[in-house]
Structures are given as structure tokens and as C-alpha cells.
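Please read through the structure below; I'll follow up with questions.
The values are calculated or read from the model by the stated rules, or taken from the named source; none is laboratory data. Here the structure is a predicted model, which is why all the values come from computation and not from measurement. Virtual Cβ from ideal backbone geometry, glycine too; neighbours counted across all protein chains shown.
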């Protein structure tokens, strides 16, 4: 008995110095190194990414510093009860980083402005729940509705559709072999569930331990360094065909774009041709989403807009074909693209964050003001 007790004491006293040493290192890192919890996105076994419930972080991207707070439901902004109270009209908003808008305060996002302005003009009040997640397309937004938004029983579900990258995201997900919402693939096996727990535990460590964050950062830099040395193709940016096609005039060569050996269909090209594979999967996703929304007793609406680079000297987009398709599916839609296309260059730039491309505070206000009447008309009809 005494021998067993002695072994426990030995282990305990051996572990204490190590623990104290780690605590001192943690204190030192937090004191002398720039430690900021900055990972609020978690790995999701179905959607790929979602916000980590009950987390907050300081994010810095494109020289824009943001403080992001996620509620217990894994959504940005305030927490809403699942069941509606006092007969308020409820809107579920689906979208990407333009919708999640991490660089803007919740009340200054177009979702927050909608809620305030619509509530002031509708006696029962309006709730706008923001389900937007950066880096997603219609593929993940259909999954978001199925997994989370529909339990809130929204009267109206709005998709904030961005011409800038939603088609790209959808075709990427299709070709990656991800779990498909078109096939109702929502069952997660034990391996994916375990993988999600492991990845999210690593993110928890990153957000709560300066020592782990420092060690992981240095490890990543070291791994990158050795790959560059021992894997010649790791950082290779020039395709072989470019080297073969060099001419004697080097100055001319520098201005030329790389020539590829095989003529592959670019994902980017899918955006311009409504018969493309990217648009085909997008149409199927919207039809499926419309069916799921209707099954819950709600109505689907699409508000579409573009990125800052698409309003000037950009190839013609199939906007009319897109709207005709939405009309054929009884999906009400509203065009905000034309709003930004008509305004002058100086004011256009004020609507977007410099070196970032997302809506600025002014852009959110402008977007909200332009689309509020459209939403109010749907709310007042209230026949869905």
C-alpha cells in the first residue's frame, strides 16, 4: 500500500515542476509575444466550416483588424430563441463573407439595419437571423438551412447571392467529392466525427494557449522551409510549357501570360455561361433549397449583387438569364447589382473596404436601404 502511495507521490512531484515550467512559458509568451485568440471558424464534418459556438477572436486580414464574437448557436450577432415570440416576422439570411461581414459591427451590417428599419415599419416586429459564413457558396448555404436555419421556422429565407465567387464555390464543392446536399447526405460516420473533434480541439488550443500558438506557428514555418528545400515542386509556379515557349526577346516574354500544355476549362469561365456545369449545379441547389423552404411553410427570396471588380470593365454576366430562371421557380428576386453599377467611381469605392473588397459600413447601409422596400413588400403580403 505504502509502495503504491509512494509511486503516486513520485509521479505527482515529478509532474509539478513540468507543469510549473509550462505555466511560466505560457506567461512569458503572453507577455512578450503578440498572442490573440483569432480562430473562430471550426471544422464542420458536413459543411466544411462553421463558426465555433461561444468563441471570440481578434482577426486581421488585408490590414483590417476585426473583433468577432460568436454566440452559443454558432452564429455572429445576438442570440435568438428557436421559437418565435410575440408574432414577430422572422427572416433567415444565408450568405458568404459579404453577409457574415466580420469587419463590421452587427448593428451596422445590412442584416442588422434590415431588422431595425423593418421593425420600425412593421407593427409586429421583424427578426433577421444572420446565418452567413465566409468562404461558402449555395452548396453550404443549403446545408446550413437544412442543419440549422430551418429549426427557427423562418417566414422568409433570403439568399444573399454574390456574383463574385458563389458559382466558383459551388463547382469546387461538386468536384471535391464533398457530402452532397442534393443527395441528402447528412449522416456523419464515426471517422468524420472523430476528425472534427480533433481539428476543433487543435483550434481550442490555439485560442487558449499562447505557448501552443507560438509552437505551432514556428513548426509551420519550419515545415514550409524544409519543403521548399527538399521538394523542388512545392513552390513551383511556372508550368513547363512556359519555359519551352521562351523567345529571344526576354522583355516580351515577361509580359506574356503562362501558356498551359492542356486547355482546361476554368472554373472562372463557368460564371459567364449559364449552360455551364457551375450554373447547372447552382440551379439544382436553388431548386432544392426552394423545396426545403416551402416544406417548412416559408418563402425563398434571392438578392444578388457583385464584387467591387465586377462593376467596371467586366464581361457581361448572365443576370437576365438568372432572373428568368428564378422567376420560373417562383423564387422572388431582387437585383442590387445594378445599384452599384450606376453609381460614380468615387462613391463606389466608398462602399467597399480598401484592399479587402467586402462592403464597408457605408456599403452595408447603401445595400440595406436599397433592398428594404423589397423585403417590406414581401412581409406585408405575408401570404406564404
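I need the full set of residues from the range 202-217 which are assigned to a helix (DSSP H, G or I) and under 15 Å from residue 28 (Cβ atoms), in order please. Break it down into steps so the answer makes sense when it comes.
Residues of the range 202-217 assigned to a helix (DSSP H, G or I): 202-208, 210-217.
Result: 210, 211, 212, 213, 214, 215.
Do you know which residues across the range 352-368 are within 20 Å of the chain's Cα centre (by Cα) and in contact (Cβ under 8 Å) with a residue 40 or more places away in the chain? Quick ask: steps written out before the conclusion?
First pass over the range 352-368, keeping only residues within 20 Å of the chain's Cα centre (by Cα): 352-361, 363-364, 367-368.
Within the range 352-368, 352, 353, 355, 356, 357, 358, 359, 360, 361, 364, 367, 368 meet the criteria.
The rows are residues; the columns are (1) in a loop (DSSP other than H, G, I, E, B); (2) over 38 Å from the mean Cα position of the chain (by Cα); (3) at pLDDT 85 or above.
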position: 3; (1), (2), (3): no, yes, no
position: 10; (1), (2), (3): no, yes, no
position: 31; (1), (2), (3): no, no, no
position: 34; (1), (2), (3): yes, no, no
position: 50; (1), (2), (3): no, no, yes
position: 65; (1), (2), (3): no, no, no
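Filter the range 105-120 down to the residues that are touching a helix residue (DSSP H, G or I) at 6+ places or on another chain (Cβ under 6 Å) and farther than 15 Å from residue 369 by Cβ and list them by number.
Once the filter is applied, which keeps residues that are touching a helix residue (DSSP H, G or I) at 6+ places or on another chain (Cβ under 6 Å) and farther than 15 Å from residue 369 by Cβ, the range 105-120 yields only 106.
Of the numbered conditions (1) buried (at least 22 other Cβ atoms within 10 Å of the Cβ); (2) within 25 Å of residue 72 (Cα to Cα), residue 173 fails exactly one; give the number of that condition.
Condition not satisfied by residue 173: (2).
Hey, any hits in the range 230-243 for a residue that's in a helix (DSSP H, G or I), at pLDDT 65 or above and either on the phi < 0 side of the Ramachandran plot or in contact with a helix residue (DSSP H, G or I) (Cβ under 8 Å, 6 or more places away or on another chain) (or both)? Give the steps one after another, and end with the answer.
As a first pass, look at the range 230-243 and keep what is in a helix (DSSP H, G or I): 230, 240-243.
Okay, now just the ones that are also at pLDDT 65 or above, so 230.
Filter again for either on the phi < 0 side of the Ramachandran plot or in contact with a helix residue (DSSP H, G or I) (Cβ under 8 Å, 6 or more places away or on another chain) (or both), leaving 230.
So far as the range 230-243 goes, yes, one or more of its residues are in a helix (DSSP H, G or I), at pLDDT 65 or above and either on the phi < 0 side of the Ramachandran plot or in contact with a helix residue (DSSP H, G or I) (Cβ under 8 Å, 6 or more places away or on another chain) (or both).
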